[in-house]
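Asker: Handing you a structure now.
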Ligand code: HEC
């Protein structure tokens with residue numbers, strides 16, 4: 001019994017350690033973007049300021065999905081997203097909404113989850129490209145979102161996570177949209 005407790009203790013400790021490391025590495029990549037000039041912001045109404053915010057230029061992710069590494073995507077999901085998101089079918093909403101069937105799902109539509117206004121006004125469904133932008137920089141894709149995540153700067157990481165999310169679906173969409 002004692003050894004079981006020790007083992008359980010070790011497991012807990014390493015799980016906690018992994019969470020802390022995850023948090024710290026998130027913090028490390030959270031580089032602040034330069035603010036827009038105050039004048040430009042003051043001149044524009046809040047909505048137009050948000051609309052004028054150009055999404056970052058990202059090369060299309062669709063073509064990268066075919067050769068993406070789903071297992072690596074799952075690992076990244078567990079390290080970086082699972083703190084806030086379950087992804088299994090019927091999984092609970094945590095800090096963020098459950099992600100089963102995410103690809104092709106209407107944005108901000110997960111039952112029982114209270115979305116920010118920023119996410120609700122995005123409109124449309126989650127295409128591979130929109131997920132790519134969302135997880136690259138949530139705050140620039142949906143300014144004001146309550147997804148407090150710095151983003152995945154590496155394209156390969158994003159491709160792998162999206163390829164993994166594609167499989168977590170009742171009816172996985174083709175890799176090339
Ligand atoms: C710190 C918690 C947190 C982390 C970490 C996080 N998210 Fe989120 N996520 C949220 C929250 C909260 C929302 C809801 C946002 C809103 O309403 O503004 C969200 C929303 C989303 C949405 C929109 C879902 C929908 O139903 O419209 C996607 C897609 C998403 N997250 C993907 C990811 C992925 C992939 C990762 C890991 C790479 C990740 N998130 C990491 C908290 C998090």
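Asker: Based on the alpha-carbon gyration tensor of the range 85-134, what equivalent-ellipsoid semi-axes (square roots of 5 times the eigenvalues) come out, in whole Å, largest first?
Answerer: Ellipsoid half-lengths, sorted descending, are 17, 13, 9 Å.
Asker: Could I ask something else about it? If you average 1/r over every pair of different alpha-carbon atoms in the range 124-177 and take one over that average, what Kirkwood value in Å do you get?
Answerer: 11.8 Å
Asker: Given the range 59-177, report the % of alpha carbon pairs whose separation exceeds 16 Å.
Answerer: In whole percent, the long-distance tail amounts to 58.
Every number in this text was worked out from the coordinates using simple rules, so none of it is lab data. What you see is a predicted model; the values in this text were computed from it and never measured.
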